[in-house]
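Notes follow once the structure below has been shown.
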Amino acid sequence: MEPSQLRTMNWSVAAAAMLVAAGSVACGTGSTPSAANVLSPTGPTQPQPVASMSLVGIPHSNAGVALVGGQFTLSTTSAADFVTGSYTGSVSVGSPTSASLQINVTGGGGQFEGASGSLQGAGSGAFAGEGTFELSLKGSISRPGRSNDAPFRANLQGTSLVACAGGQIQVTMQGGDPGTKLGPVSAVLQHIVAGACSP
């Protein structure tokens, strides 16, 4: 889809999982939603209704559209075992879309308590809008008391939802991979797309 189409397109969207039970994530002051307000080890809260919105401008360059303020949670089938962190990235606005993410693992719970590491993500699909996506992750995760970093790979597939809050385009992505070395994993990623929107 061309940027000009995005700027004029009216979207009717369900609320993203980033809208927590207490209400919409506050972002009118330009602050980035915190992981505590958005994600939990047990997954996102039930989406809440939002009105239709118009995208009024997505700045882009040959490098693509910037994805900022990214927060993620990656969980195993046991909700007690999870890693969390932050990311930045970019997504192309042409067809087909392509995205790249730089992910920092900053913590976790269960067997991943105190985890750190870095992952690279390469994907396609709905990183700046609604729809389906695919995201391949590759990197390493270290845990206290372990002498070596553990390599990690996952091929996530899932869906994305969009919301407009405080004039910012917020995307929440939910996906999973049933076949990692850790067993089935699920992931929730949330970021802000550089640009603006109006409810």
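Observations
- The amide H of Asp149, built 1.01 Å from its N in the peptide plane, has no neighbour under 5 Å, considering only residues 5 or more places off or on other chains.
- Directionally averaged projected area (segment 156-199, Cα convex hull): 3.3 nm².
- Put a plus charge on the Cβ of each Lys and Arg, a minus charge on the Cβ of each Asp and Glu, and nothing anywhere else: the dipole of segment 82-199 about its Cα centre is then about 280 debye.
Laboratory data are not the source of any read-out in this text; all were calculated from the coordinates shown. This one's a predicted model, so the numbers in the text were calculated from it and none came from an experiment. Glycine gets a Cβ as well: all are built from the backbone with ideal geometry, and neighbour counts include every protein chain shown.
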